Amino acid sequence: MNFFELILKQIRQRSLSTILTVFSIALGVGLAIAIIVLHREGQHVFGQTDYGYQIIVGPKASSLQLVVNTVYHIDKSPGNVKWEVLETLRKDPNFRADVKQAIPQCVGDSYNGQPIVGTVPQFFGYDDEGKRIENTEDDPNRRFTYRPGQSFEIAAGRIFNNDKFEAVIGSDVSAKTGLKLGDTFQATHGFPQPGAQPDVHKEKWTVVGMLKPTHTAADKCVWIGLTSFYTIFEHAEAEIQRNQLRTGEKMGASGGEDEGKKHYTVSPDGIITLDPDVMAGREISAILVKTRGSFNAMRMLTTVNILPDVMAVSPAVVMRDFFSNFLEGPVTLLLVISCLVTVVAAVGILTTIYNSVAARSREIAILRALGATKTRILFLISVEAAFVGAVGGAIGFVLGHAMCAVGSGYLARTLGEPINWVKVGPEELLYLVAVVVIAFIAGLVPALKAYKTPVAVNLVAL
């Protein structure tokens, strides 16, 4: 019987206790691996630093709320900024040297629980005529990107016309809502709670395109032209009233009797023309700004933040701070707890093998009589403990990644961004090695007992 056959024989003799020990190790390792993976990959979601734009401009409010609402399309919008802010960023000489692209977005409506976002074709890398914006050698960054080097692509259909009731849907929307190319839909005001009566707007949009998957929150959004966003009665009325407040005009009455009123006209070819009073009062939920360089972004953050009622934030900095301040502590605590579970499991190995050594004293004596040295007996017991730790660690490794797969699915549903749960990092392998080493060390205590087993006494007892 060779070395490893002896180890397997001893494990089989106490299979129940071995299984329980392996289970406890797998539980601790699985929890630790899940935390390590979620912590590492979560930084790509919550601590994302690779945005295709450098700044988000919005109302003076919570910077975190502005970022999560604009980037991840969760939480409520913190408010709006005037249309003039967008024009200033695009045309004012003080900003023109810094701003390469400024993309507006408007939020506030949904379809079957999926957010509807009003924006312009340039956000997807197309011009107003629906032609693809091509990068050139002189300007390799002409096209807007949601991440460096990554721009939206149409999987089917085409981009919407900004001045028509047309929409483009994210790659996940069809599965979640049933929408497909050629379908029409109506927007719902806000995000009504289950059981609540939805406020469905009268306007109808036609789906003319579907985006390729980006594995970002954009996949869960319904995208409409910015002009069509302002046709919705509540939006148009709000724009008019805000403009009346700014200009000091007497505010007109708004009520149920006016809900059939339209603040726009539609030409025979489907082109929308907004009423002048709506145009004058337009506001935007957020503006995505792609700057010409890092220095330009830093200068813009300072320049914009001194403007009244307007705030500029770096989404990368905001999410990195959020990850560090709110998630690092709990993650560290959970990691410590999982390590303690692993240590307790190692103590279980020690106890199990120690008790087995006491019951195997005669067998150890026979091995010694047959020529096995004390060192070989010590090594046999310790390797047995390490083997149990390795089996538990391997099962825990698979269990940990399985838990991360579940977590990835949850994040994909809520944020629209899954994590790379199949990726194996060096810290995981290091942790598994540490588990085997701890198990080996735990086996030294019973191994030393076996080392000191008196051969003559136990042979006489036979």
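The values are calculated or read from the model by the stated rules, or taken from the named source; none is laboratory data. What you see is a predicted model; the values in this text were computed from it and never measured. Glycine gets a Cβ as well: all are built from the backbone with ideal geometry, and neighbour counts include every protein chain shown.
If you go through region 68-77 and pick out every residue that is closer than 19 Å to GLU283 by Cβ and crowded, with 20+ Cβ neighbours inside 10 Å, you end up with 3. Residues that are among the charged types (D, E, K, R) and either surrounded by 14 or more Cβ atoms within 10 Å (Cβ to Cβ) or in a helix (DSSP H, G or I) (or both) within region 174-206 comprise LYS176, ASP183, GLU203, listed in sequence order.
Filter region 420-445 down to the residues that are small (Gly, Ala, Ser) and over 34 Å from the mean Cα position of the chain (by Cα), then identify the one that is nearest to ALA26 (Cα to Cα). Residue satisfying both the conditions and the ranking: ALA439.
Filter region 282-309 down to residues that are β-branched (Val, Ile, Thr) and in contact (Cβ under 8 Å) with a residue 40 or more places away in the chain and give me whichever is surrounded by the fewest Cβ atoms within 10 Å (Cβ to Cβ). For region 282-309, the residue satisfying everything is THR303. Just name the residue that is surrounded by the fewest Cβ atoms within 10 Å (Cβ to Cβ) out of those in region 313-330 that are more than 16 Å from GLY52 (Cα to Cα) and either modelled with pLDDT of 85 or more or of a type in the set (A, V, I, L, M, F, W, C) (or both). The selected residue is PHE326.
If you check THR145 against the conditions, is it of a type in the set (Ser, Thr, Tyr), under 20 Å from VAL120 (Cβ atoms) and assigned to a loop (DSSP other than H, G, I, E, B)? Here the answer is yes, as THR145 does meet what is asked. The number of residues in region 178-221 being farther than 21 Å from PHE165 by Cβ and of a type in the set (Ser, Thr, Tyr) comes to 2. Considered as a group, the residues in region 79-109 that are surrounded by 21 or more Cβ atoms within 10 Å (Cβ to Cβ) and under 30 Å from GLY195 (Cβ atoms) include one that is farthest from the chain's Cα centre (by Cα), and that residue is ASN80. Counting the residues of region 161-192 that are among the β-branched types (Val, Ile, Thr) and without any contact (Cβ under 8 Å) to a residue 24 or more places away in the chain gives 1.
Residues of region 207-217 that are closer than 16 Å to ALA156 by Cβ, surrounded by 14 or more Cβ atoms within 10 Å (Cβ to Cβ) and under 26 Å from the mean Cα position of the chain (by Cα): GLY209, MET210, LEU211, THR214.
Here ALA390 meets the list (1) more than 30 Å from LEU20 (Cα to Cα); (2) surrounded by fewer than 21 Cβ atoms within 10 Å (Cβ to Cβ); (3) at pLDDT 75 or above almost entirely, failing just condition (1). ASN161 meets each of the listed conditions (1) within 19 Å of VAL117 (Cβ to Cβ); (2) exposed (fewer than 15 other Cβ atoms within 10 Å of the Cβ); (3) over 27 Å from the mean Cα position of the chain (by Cα) apart from (2).
So, ARG143, is that one assigned by TED's automatic domain parsing to the domain that holds ARG299, touching an Asp or Glu at 6+ places or on another chain (Cβ under 8 Å) and without any contact (Cβ under 8 Å) to a residue 60 or more places away in the chain or not?
It is true that ARG143 is assigned by TED's automatic domain parsing to the domain that holds ARG299, touching an Asp or Glu at 6+ places or on another chain (Cβ under 8 Å) and without any contact (Cβ under 8 Å) to a residue 60 or more places away in the chain.
If you go through region 265-281 and keep only what is at pLDDT 90 or above and surrounded by 12 or more Cβ atoms within 10 Å (Cβ to Cβ), you end up with VAL266, GLY270, ILE271, ILE272, THR273, LEU274.
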